[in-house]
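Okay, so here's the structure we're looking at.
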Amino acid sequence: MLQAIMTLYACVFVCELYAQDSIKSSKEIKDVFSIVNLSDDDLNDESGEVANISGIFSASDDIYLNTIGFEFQGVYYNARGLGADQVTFLLNGVNQNRLYDDRPAWSNWGGVDGIYRTQELTEPLGASEKSFGRALGVTSLSTRASVYRAGTRVAYARSDRSYQNKASVNHAGSLPNNWFYVVSASRRWGNEGYREGTFYDANSLMLSVEKYLNNYHSLNVSLLYTPNRRGVAGSYTQEVFNLKDDSYNGNWGYQNGKKRNARVKTVEEPLLLFTHTYKKSDVFRWENSLLLQKGTTGYSRIDYNGGANPDAAYYQKLPSYWLSRNTVDFENVYRYQQAFVNDGQLDWDFLYEANAEKNAAGENAAYVLYDDKRDESRIQFNSNITQKINEAWQLNASVDYRNTVSENYAEVLDLLGGNGYLDVASFTLVQSDLNNPNRVVTEGDRFKYNYKVNSSNVSGFVQTKWKGKKVELLQALGLSYATHQREGVYNYENYTDAEGLSKEVDLLAFQGKINALYKFSGRNLVDFKSAYIQKSPSVKQVFPNARVSNATLDNLETENLFTNSLSYIRRGLNYNIKLTGFYNLQSNVTETGFYFAEGFGTDADDTETNAGELLDENSLFVQEVLNGAKKKYIGLELGTSYDISSSIKLIGVMGIGDYSYANNPNLLFFTEDDTSAQNLGFVNGEKDLGAANIKGKKLSSGPQQAFSLKLAYTDPSYWRINVSVNHFRNNYVDIAPIRYTSNFVNEINGDPIKNLDQNLVSLFRKQEQLKNFTLVNLSGGKSWRLNTGYLSVFWTVQNVLGIDYQTGGFSSSRAANYSEQLNEYNREEPLFGSRYFVGNGRTFFTGIYYSF
């Protein structure tokens, strides 16, 4: 198929190369430079991956989506309850959603200001000329130099959210003989954002050159290089936030008088993009792009196979731990409380001192700082066409090929004063590689785990659009074929399938979509959209324990989404209304997680050691897989605007949703195949816990209800001010699925745990709802037209009243059965309570730019 495409490409290219019509004039180019205020807090979760993409909707003309983009940043509100994997990102038509996790590779173009004004968004289930898209639509960016307006823009911004400073310069121009070019560069930096110790250091560069060969053909070459490093904040229990405050971050500590963060996210993935465009007036367009990328991502942390957990907020360092002992030590309760309140940060000096003691004893280091790294090479090709058949009909089609080869491993960054580090597991002390037992690693060495993944995806779609006087119709069909294969480099102890090639997993997925718009008149419209979207599992879902095993899920199937919406649109003389109802049903969903759990099928109580630690002999570090889940999303969206006068506008938005699990999926556990696991019923390191009875439990996808009222004033003398009040409700903590299985209430032999209190079982299984909250935001700006250009200033203040609020959280799965959870319940302060993500207090963003 690829050969046929390239042959057709060559024929058209040669036939049209010497056409003599006039060349595109630089005066026809669009204005595309602006500063886009997108918060990295929205775009990344604690794992460092893209988590929430509400900010992208700020470029939408839709009132509801635009409000999400501007007013709901930092709240983790998800349109229709869906996540980042339900938005398709395109760069010159090339799909930017990773095969690793289906999420957009946002950092690859982050900070490149100029690129955002080329942004084209479709509404959820809307039509894109270049891709079938997903449930939340398509966001398309362009690097073609000829679409950038000639000119220069210099900007500076100041903020206290993710970074403190941003400076950028963008320049677009043309040269003789039909050459166009763009240079866009920026730097974002700061010692600390709103959360303590979250430094930011990012540079961004885009170079793009385009040559028009004639009126029809152009060739464009673009380089994007956006290296960045940033300190990450953690999630904590309510006890921690009560002792400190919402800006607390235990990942950092002082070293030589400077703050040093142990959890640092690093991205360096330059990409090169070649694009050929053939366009014949407005009748036919053909775009072909080849993307080459090679780079690395890293996420640092401390390993400690020779010492105690160094986490500043580790449960044994909190007052609740000393309250939970069999004999309460009130002296230590007070001492540890005061120590945490007055400090509570990572103790770098202790780590160096501990390693120094090991050196003196001739032993290996107890602590080491390392990176979880992924080196990735990508090659992608996309070819898309638009053919206008007549005034009513239009045809779109595309073919997309993606191949990714990744190397995944842990790399020693800093021995913290030690001489070497023994490569064994922190909890079990088993060998990471039996081919090199008792290996001692130093800085720059790989250790812990080491594997490769080769993934490919071929997809295509065809779409027709028909536009009549009363009716507009769209039909689209899509097809994709994905393959994944793991290759283990290390022979990990207790896993017989750790080394070598896994079986190749391949899956075929289909997509179909229809849109129908009926116009009662130019002011009254009804819009119906429906789609059935199959999606192949990502690498994270195919290999549930990829670091140490080739194992795949036995019943892998495509993830399916049946999604529908019906909208009524009213366009008045001085008002607009859009009311949308939607219903989504998602099936065959796979969710994964890692954690340490106590109490597998036993009512054994915690016992206190001589050292005072609480231990459970039935504890394991496990990989959890919730398999075959169904999720239901139903709701209403309302976006309205009313022009009170020529200068004053009132905007109202409402989103009411109900997002929940719709079945009782299966729960699987994976762990090391050792004697302890075998005694607890694991077979070859795997245990099927059966159904998790979670039907009806709410999804943890941000607030499920949101309301916004905004008053906007625009003065004829080019200044503006906006004030909005935004209320959020029905946000839920993510459940711990193990609490809803038979393991939670049964002995290891399957008999019910004695003396069960069913009321307490119901209480332990009750899902926690977070508090409702209301935020007030202010924004404004002023523009001046000068003899040489334009000068503008703008500012925003979010959460003006400084409200404390939680954006999400997850229940602890540490207590794996009723008896363990009962111990937690009876404690004055739980040891392993839910962990929460918190929003920012009052923050600002302000900027000034000059364009000429």
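The values are calculated or read from the model by the stated rules, or taken from the named source; none is laboratory data. These figures come from a predicted structure and were not determined experimentally. Ideal geometry is used to build each Cβ from the backbone, glycine not excepted, and the neighbour counts take in all protein chains shown.
Here Thr640 fulfils each of the conditions (1) polar (S, T, N, Q); (2) loosely packed, with under 15 Cβ neighbours inside 10 Å; (3) touching a residue at least 12 places away in the same chain (Cβ under 8 Å) apart from (2).
Scoring Arg153 on the criteria (1) in contact with a helix residue (DSSP H, G or I) (Cβ under 7 Å, 6 or more places away or on another chain); (2) over 30 Å from Phe510 (Cα atoms) leaves a single failure, condition (1).
For Asn203, the requirement of being part of a strand (DSSP E or B), in contact with a Lys or Arg (Cβ under 6 Å, 6 or more places away or on another chain) and surrounded by fewer than 20 Cβ atoms within 10 Å (Cβ to Cβ) is met.
All conditions in (1) among the aromatic types (Phe, Trp, Tyr); (2) modelled with pLDDT of 95 or more; (3) crowded, with 16+ Cβ neighbours inside 10 Å hold for Tyr254, with the sole exception of (3). Taking the conditions (1) under 30 Å from Arg571 (Cα atoms); (2) assigned to a loop (DSSP other than H, G, I, E, B); (3) modelled with pLDDT of 95 or more in turn, Asn491 satisfies each one other than (1). Screening Thr327 with (1) over 25 Å from the mean Cα position of the chain (by Cα); (2) of a type in the set (S, T, N, Q); (3) over 26 Å from Asn242 (Cβ atoms) gives one miss only, at (3). Of all residues in segment 432-445, those satisfying the criterion of being surrounded by fewer than 20 Cβ atoms within 10 Å (Cβ to Cβ) and not aliphatic (A, V, I, L, M) are Asn435, Asn436, Pro437, Asn438, Arg439, Thr442, Glu443, Gly444, Asp445.
The single condition among (1) assigned to a helix (DSSP H, G or I); (2) surrounded by 15 or more Cβ atoms within 10 Å (Cβ to Cβ) that Thr297 does not meet is (1).
The residues of segment 300-324 that are in a helix (DSSP H, G or I) and either in contact with a strand residue (DSSP E or B) (Cβ under 7 Å, 6 or more places away or on another chain) or over 18 Å from Leu351 (Cα atoms) (or both), listed by number, are Tyr315, Pro319, Ser320, Tyr321, Trp322, Leu323.
The listed residues are Tyr181, Tyr194, and the only one of them that is in a loop (DSSP other than H, G, I, E, B) and either surrounded by 18 or more Cβ atoms within 10 Å (Cβ to Cβ) or in contact (Cβ under 8 Å) with a residue 12 or more places away in the chain (or both) turns out to be Tyr194. For segment 604-621, filtered to residues that are in a strand (DSSP E or B) and touching a helix residue (DSSP H, G or I) at 6+ places or on another chain (Cβ under 9 Å), the residue that is modelled with the lowest pLDDT is Leu614.
Of the set (1) on the phi < 0 side of the Ramachandran plot; (2) more than 26 Å from the chain's Cα centre (by Cα), all apply to Tyr299 but (2). Of the listed requirements (1) farther than 30 Å from Gly257 by Cβ; (2) modelled with pLDDT of 95 or more, Asn364 misses just one: (1).
Condition first: surrounded by 11 or more Cβ atoms within 10 Å (Cβ to Cβ) and either out of contact with any helix residue (DSSP H, G or I) (no Cβ under 7 Å at 6 or more places or on another chain) or not in a loop (DSSP other than H, G, I, E, B) (or both). Now tell me which residues in segment 752-765 satisfy that. Residues satisfying the conditions are Pro752, Asp757, Leu760, Val761, Leu763, Phe764. Among the candidates Glu443, Glu391, the residue that is assigned to a loop (DSSP other than H, G, I, E, B) and under 30 Å from Gly478 (Cβ atoms) is uniquely Glu391.
Any residue in segment 268-289 that is assigned to a strand (DSSP E or B) and under 30 Å from Tyr194 (Cβ atoms)? For segment 268-289, residues assigned to a strand (DSSP E or B) and under 30 Å from Tyr194 (Cβ atoms): present.
Name the single residue, out of those in segment 465-482 being surrounded by fewer than 17 Cβ atoms within 10 Å (Cβ to Cβ) and not hydrophobic (A, V, I, L, M, F, W, C), that is nearest to Leu556 (Cα to Cα). Ranking the candidates gives Tyr481 first.
Reported count of residues in segment 465-497, each being closer than 27 Å to Val399 by Cα and under 32 Å from the mean Cα position of the chain (by Cα), is 13. Look at (1) closer than 30 Å to Ser646 by Cα; (2) crowded, with 16+ Cβ neighbours inside 10 Å; (3) out of contact with any Asp or Glu (no Cβ under 6 Å at 6 or more places or on another chain) and you find that Ile735 fails only one, number (1). Taken over segment 559-580, the criterion of being under 23 Å from the mean Cα position of the chain (by Cα) and crowded, with 18+ Cβ neighbours inside 10 Å is satisfied by Glu559, Leu561, Thr563. The listed residues are Leu791, Leu831, Leu801, Leu786, and the only one of them that is surrounded by fewer than 19 Cβ atoms within 10 Å (Cβ to Cβ), under 27 Å from Ser247 (Cβ atoms) and over 24 Å from the mean Cα position of the chain (by Cα) turns out to be Leu801.
As for segment 145-158, it holds at least one residue that is in a strand (DSSP E or B), surrounded by fewer than 19 Cβ atoms within 10 Å (Cβ to Cβ) and of a type in the set (Val, Ile, Thr). Report whether or not Gly601 is part of a loop (DSSP other than H, G, I, E, B), modelled with pLDDT under 90 and either under 24 Å from the mean Cα position of the chain (by Cα) or more than 30 Å from Thr496 (Cβ to Cβ) (or both). No. Just one of the listed residues (Tyr583, Tyr661) is buried (at least 17 other Cβ atoms within 10 Å of the Cβ), of a type in the set (Phe, Trp, Tyr), at pLDDT 95 or above and under 26 Å from the mean Cα position of the chain (by Cα), and it is Tyr661. Taking each residue of segment 81-96 that is over 27 Å from Lys630 (Cα atoms) and looking for partners that are of a type in the set (Phe, Trp, Tyr) and in a strand (DSSP E or B) with beta-carbon atoms closer than 8 Å, six or more apart or interchain, yields Val94/Phe381. With respect to (1) within 18 Å of Asp311 (Cα to Cα); (2) over 24 Å from the mean Cα position of the chain (by Cα); (3) part of a loop (DSSP other than H, G, I, E, B), the lone exception for Lys259 is condition (3).
Scanning segment 65-82 for residues that are modelled with pLDDT of 90 or more and not in a helix (DSSP H, G or I) yields a count of 6. Scan (1) buried (at least 21 other Cβ atoms within 10 Å of the Cβ); (2) without any contact (Cβ under 8 Å) to a residue 24 or more places away in the chain for the single condition Leu689 breaks and write down its number. It is condition (2) that Leu689 fails. Within segment 575-589, can one find any residue that is outside any strand (DSSP E or B), among the polar types (S, T, N, Q) and either on the phi < 0 side of the Ramachandran plot or out of contact with any Pro (no Cβ under 8 Å at 6 or more places or on another chain) (or both)? Checking segment 575-589: not a single residue is outside any strand (DSSP E or B), among the polar types (S, T, N, Q) and either on the phi < 0 side of the Ramachandran plot or out of contact with any Pro (no Cβ under 8 Å at 6 or more places or on another chain) (or both).
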